[in-house]
Amino acid sequence: MNFFNHILKSSDKKNAVFFSRLKKITELNPVSKEVYQRAFTHRSSNLKDDDGNLINFERLEFLGDSMLSIVVSALLFEKFPNAKEGTLTKYRAKIVSRENLNSIGKNLNLIDFLDTESKINFGDNIHGNLLEALVGAVYIDRGFKKCQYFILKKIVGDYVDLDQLQHMILSYKGLLLEWGQKNKKIVQFKTANDQGLDPKFNYSTGVYLNDKLIVKAREISKKKSEEKAARRAYHAMNIKSKI
């Protein structure tokens, strides 16, 4: 289906609700409405332009990722004038991490806007992908200054405590392994397929300290299972007071 015909096919009421909610999220007036439609169009919709090119949010997602990186980098450079390059890099990674962007996108309920023909579970990353696509759309529609405003006020301002970045944990697993290396402790993660009573949780992870089991956790993926187990071990071992 042609993209413009697809937009026209949508009801005026539905579009009005879409742009009204979008304005509340961005605090900006959309000018080029087509770019926002594109920002929430999934490839499964199989929409094409007049030249037969697929239309979806992926290019805007790429652009939004770059915009987030440069705006956040500039913010941190100004906010922490004495911080070293390595520290600034860690702070930026915490803000633009996949987990953090997924959480923000989920809180903004961006998935409600998604236009797709598929009913599959897209996973958690869809929330962060849509957030990046929205950032890209704002840049295309309103330019750098307005996009910068959206990022600083509605993303960083509403969801990131800059004064607590030092204590914000990006990965419990990484933190646990780093602690083990510093303290000459052997920290191991042993993960296996788990067909337990709950079919949603397919993986089970045990965290071992010097070959002694500390905690276990189950999740829907290997990565999530290991991260959940690491978080439990972090608290069970009171790692915070030992770093």
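Each value in this text was obtained by applying a stated rule to the coordinates, not by laboratory testing. Values in this document were obtained by computation on a predicted structure and should not be read as measured data. Using ideal geometry, Cβ is built from the backbone for each residue, glycine included, and neighbour counts are taken over all protein chains shown.
Numbers at a glance
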item	result
Residue order, fewest to most surrounding Cβ atoms within 10 angstrom, among Thr116, Thr89	Thr89, Thr116
For Leu47, distant residues with modelled amide H under 5 Å away	Ile55
Helical segments meeting 20 Å axial Cα length and Kyte-Doolittle 0.5 threshold in the chain (DSSP H)	58-79
Quarter of the Cα convex hull surface for the chain, i.e. its orientation-mean projected area (nm²)	16.3 nm²
Fewest-first ranking of Ser45, Ser66, using other Cβ atoms within 10 Å as the exposure measure	Ser66, Ser45
The range 150-198: translational diffusion in µm²/s, Stokes-Einstein, Kirkwood Rh over Cα pairs, 25 °C, 0.890 mPa s	171 µm²/s
Relative exposure of Asp51, Asp12, judged by other C-beta atoms within 10 Å (fewest first)	Asp51, Asp12
Cα pair distances of the range 172-242 binned at 5 Å [whole percent]	4, 19, 29, 24, 13, 7, 3, 1
Theoretical gain in end-to-end length, Leu162 to Lys182 [0.36 nm per residue, Cα-Cα removed]	4.5 nm
Rounded to 5, the percent of DSSP beta bridges in the chain classed as antiparallel	90 percent
Violating pairs (Cα-Cα greater than 27 angstrom) within the set Lys90/Lys154; Lys106/Lys190; Lys153/Lys173; Lys94/Lys223; Lys185/Lys228; Lys24/Lys173	Lys106/Lys190; Lys153/Lys173; Lys24/Lys173
